[in-house]
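The values are calculated or read from the model by the stated rules, or taken from the named source; none is laboratory data. From a predicted model like this one, the values you see are computed outputs, not experimental measurements. Positions of Cβ are backbone-derived with ideal geometry, glycine not excepted, and every protein chain shown enters the neighbour counts.
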Amino acid sequence: MSQYLKELIDSHPNITILSHIYPDADALGTSLGIYALLKADGKQVEIVNVSTDLPKHLDFLPNFSKIKHKIDYAQSIIIACDCGSVDRLGFALESRDVINIDHHKTNQNYGILNYVDPSVCASAHVAHRVMKDYYPITPEAATCFYTALLSDTRYFTTPNVDIEVFDFAQQLLQEGADHKTVTYNLTQRRSLASLRILGLALGTVCLHRNATVASMIIDRGMIEATGAKMSDIDGFVDYARSLATVEIGILLVMYEHGIKVSLRSKRCDITALAEYFGGGGHRNACGFVIESTDSEALLDRILKKIETLGWSEC
Ligand SMILES: [Mn+2]
């Protein structure tokens, strides 16, 4: 498998690494890890993300400043990271070949090569597995992949963490991942806006369906009052799920042209819920974006759909 990947990469003079819109630490850690390995191999490679507002606390990642917001190569092969559907890459790729590296259960296999493994906790794990035989893992790449792993497992606390995750973490540490730098940057560099909007968001928590569902709503006013950015809201939905009686946590974030919904569960598989509204993701973590300005009506529709789906397995 990985030999074909190497041949495919070597047959293209230029490589463009992309990841999903509003990138998180897995999207950027996976992308920058691959970037470091291809650079070390002497390749012509660019790293691009459509969002101009990148999470600032990730600026410690090697080559973070190399991330651009437009594709410069007229022709290139695309390596897509942590992205379940091609539209979330945010670029018209036309005839370019795509290598798809991901772990979303709902990935649409849009590449000519699809390395998609929903059983692993982070796309970085898939990237490490397919790259390591032909591209020796450098400490820079290990630090990028380790950041992705810590973030996507919320420091080894998500329901999908198993012994393989700790094996992978150990492997990355042996390859030179800088644990201290990663944990410091992930946990000790919050913005004031992030704490301010967290306070406002926590004030909106409501319980539904016999306290098994918790919702939070972030409206335009809260975003404007605090100056919070997208990345400042990352992880807030975990607070809704964390309540003792709650099985499903829901966060609705209002944007100028729509509402972004994040869904988290403790046990039940909620991907069908996200897919019903046109989104996708993982078994216990998924979401969707919808063109609407009425958050209360949307929340009602989500609660009704939860009712219909039943969740007898919860
Ligand atoms: Mn991920």
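For the residues 127, 142, the requirement of being farther than 25 Å from residue 87 by Cα and in contact (Cβ under 8 Å) with a residue 24 or more places away in the chain singles out 142. As for region 106-128, it holds no residue that is within 21 Å of residue 157 (Cβ to Cβ), of a type in the set (Phe, Trp, Tyr) and not in a strand (DSSP E or B). Is it the case that some residue within region 53-62 is closer than 30 Å to residue 276 by Cβ and either surrounded by 19 or more Cβ atoms within 10 Å (Cβ to Cβ) or free of Cβ contacts under 8 Å to residues at least 24 places away in the same chain (or both)? Yes, some residue in region 53-62 is closer than 30 Å to residue 276 by Cβ and either surrounded by 19 or more Cβ atoms within 10 Å (Cβ to Cβ) or free of Cβ contacts under 8 Å to residues at least 24 places away in the same chain (or both).
Residues checked against (1) in contact with a Lys or Arg (Cβ under 7 Å, 6 or more places away or on another chain); (2) aromatic (Phe, Trp, Tyr); (3) without any contact (Cβ under 8 Å) to a residue 40 or more places away in the chain; (4) under 17 Å from residue 107 (Cβ atoms):
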| site | (1), (2), (3), (4) |
| --- | --- |
| 7 | no, no, yes, no |
| 15 | yes, no, no, no |
| 47 | yes, no, yes, no |
| 85 | no, no, no, yes |
| 93 | no, no, yes, yes |
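In region 140-171, how many are over 16 Å from residue 28 (Cβ atoms), part of a helix (DSSP H, G or I) and within 16 Å of the ligand (Cβ to nearest atom)? Within region 140-171, residues that are over 16 Å from residue 28 (Cβ atoms), part of a helix (DSSP H, G or I) and within 16 Å of the ligand (Cβ to nearest atom) number 4. The set of residues in region 21-49 being farther than 26 Å from residue 11 by Cα and either more than 16 Å from the ligand (Cβ to nearest atom) or out of contact with any Pro (no Cβ under 8 Å at 6 or more places or on another chain) (or both) consists of 21, 22, 26.
Would you mind stating whether residue 80 is of a type in the set (Gly, Ala, Ser), modelled with pLDDT of 95 or more, out of contact with any Pro (no Cβ under 7 Å at 6 or more places or on another chain) and in a loop (DSSP other than H, G, I, E, B)? Break it down into steps so the answer makes sense when it comes.
On the way: of a type in the set (Gly, Ala, Ser): yes; modelled with pLDDT of 95 or more: yes; out of contact with any Pro (no Cβ under 7 Å at 6 or more places or on another chain): yes; in a loop (DSSP other than H, G, I, E, B): no.
Spelling it out, it is not the case that residue 80 is of a type in the set (Gly, Ala, Ser), modelled with pLDDT of 95 or more, out of contact with any Pro (no Cβ under 7 Å at 6 or more places or on another chain) and in a loop (DSSP other than H, G, I, E, B).
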